[in-house]
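Computed from the coordinates by the stated procedures, all read-outs in this text should not be read as laboratory data. Just so we're clear, the structure is a prediction, and the values are computed from it rather than from any experiment. Cβ: placed from backbone, ideal geometry, glycine included. Neighbour counts: every protein chain shown.
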Amino acid sequence: MAFGRTRGTDDFQAGVAPVSSGESGGLTAFIDQGSSFEGKLSFKDTVRIDGHFSGEITSENTLVVGESGVIEADILSQVVIVSGTIHGNVTASRKVVLHKTAELQGDVETPCLVVEEGAVLNGKLNMAAAAPRKPHQLKAMDGGAGTGEKL
């Protein structure tokens with residue numbers, strides 16, 4: 001996929017490459033290596049960060065942190081894919097993927113976590129958003145003790 005950079009615009013000079021994509025869910029912005037931003041970032045589709053970002057990130061889709069990406073922010077997204085560094089808490093409603101070069105210093109809340117060998121995660125993990133166990137599954141685990149019920 002080619003990035004739609006337009007020379008001479010402020011976005012290009014700042015290191016943000018807007019991407020024109022006719023399909024929903026496509027890459028909409030790219031913060032390039034060597035760029036540094038501070039503030040609140042909110043987006044609907046997919047954003048890739050290879051530079052430095054400090055602040056707060058909210059997404060309705062996917063955040064990709066490249067190998068050279070450094071994020072100092074709390075993140076709220078559906079999917080977070082990390083190859084770089086995050087210092088902050090991550091809440092992902094669908095999935096967090098930590099590739100082998102990832103370093104995440106903070107708490108993670110997600111129903112699905114994928115961790116490659118070599119990735120670093122220092123923080124608490126809460127997967128409570130995953131499907132809760134049904135009462136009959138819990139009884140089967142403890143043998144139905146004290147219930148007098150046949151399983």
Karplus couplings for the stretch 76-81 from phi (6.51 cos²θ - 1.76 cosθ + 1.60, θ = phi - 60°), rounded to Hz, Gly and Pro as x?
-> 10, 7, 7, 10, 10, 10
Give a residue-ordered list of calculated ³J(HN,Hα) values for the stretch 114-120 (Karplus: 6.51 cos²θ - 1.76 cosθ + 1.60, θ = phi - 60°; whole Hz; x for Gly, Pro).
-> 10, 10, 7, 4, x, 5, 10
Spelling it out for Ile86: with amide H atoms placed in the peptide plane at 1.01 Å from N, the residues 5 or more places away or on another chain with amide H under 5 Å from its amide H are Ile71, Glu103, Leu104, Gln105
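Which of Lys44/Lys100; Lys40/Lys124; Lys95/Lys124 have a Cα-Cα distance over 21 Å? Can you show the working numbers first?
On the way: Lys44/Lys100 27 Å; Lys40/Lys124 24 Å; Lys95/Lys124 16 Å.
The pairs that break the limit, which is 21 Å between Cα atoms, are Lys44/Lys100; Lys40/Lys124.
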Residues Ile71, Ile31 in order from fewest to most other beta-carbon atoms within 10 Å are Ile31, Ile71
Would you please put 97-109, 77-89 in order of how densely packed they are, using the mean number of other Cβ atoms within 10 angstrom per residue and starting with the highest?
-> 77-89, 97-109
So, by mean Cβ neighbours within 10 angstrom, what's the order for 116-122, 51-57, 63-69 with the highest one leading?
-> 63-69, 51-57, 116-122
